[in-house]
Amino acid sequence: MPKSSRPEYAEQSAVVAWWRLQYPHRARLLIANLNGAKLAPVAGRAFAHLPEAVRRGIAWKRLEEQGAVKGAADLFLSIPSGDYAGLYIEMKTERGKQSPEQAEFEKAVIEQGYGYCVPKGAKAAIDCIISYLENGTY
């Protein structure tokens, strides 16, 4: 497992590495939402006088205009199974909790026929994926 000062990052990276090794022919079907990526502030002369927090806000607004959604799950498995059209995975650490935006996203995707799990760690995520693929449950 990759070492990181961000434990959720390390857990998610372990899940992706496992997926790519276990299912190389389906490697592209587990994708990450990059909402958690470090957002660089917008650059350029027109923005140079603004505080970094404001420039980061502008950068996020631009991402939202391109389809970024607050609360979107960390991973999406684009394989139908059982009664579900695909599976969203919101990675958490042992102490992690869903944000209100994440809970809203969960409700919205479940209403549309997708699965959604909130595993606490890589092992729980892998178990969720295996159950989903083998049984259509999670």
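The values are calculated or read from the model by the stated rules, or taken from the named source; none is laboratory data. Owing to the predicted nature of the structure, the values given are computational and were not obtained by experimental measurement. Neighbour counts run over all protein chains shown; Cβ positions are idealised from the backbone, glycine included.
Can you pull out the helices (runs of 4 or more DSSP H) entirely within region 34-138 that have at least 3 residues that are of a type outside the set (Lys, Arg) and in the same structural domain as Ala10 (by TED's automatic domain parsing)?
100-111, 122-135
Can we say Arg26 is modelled with pLDDT of 75 or more, closer than 17 Å to Asp127 by Cα and among the basic types (Lys, Arg)?
no
For residues that are of a type in the set (S, T, N, Q) and surrounded by fewer than 18 Cβ atoms within 10 Å (Cβ to Cβ), scanning just region 90-138, find the one that is farthest from Ala27 (Cα to Cα).
Going through the qualifying residues, I end up with Ser99.
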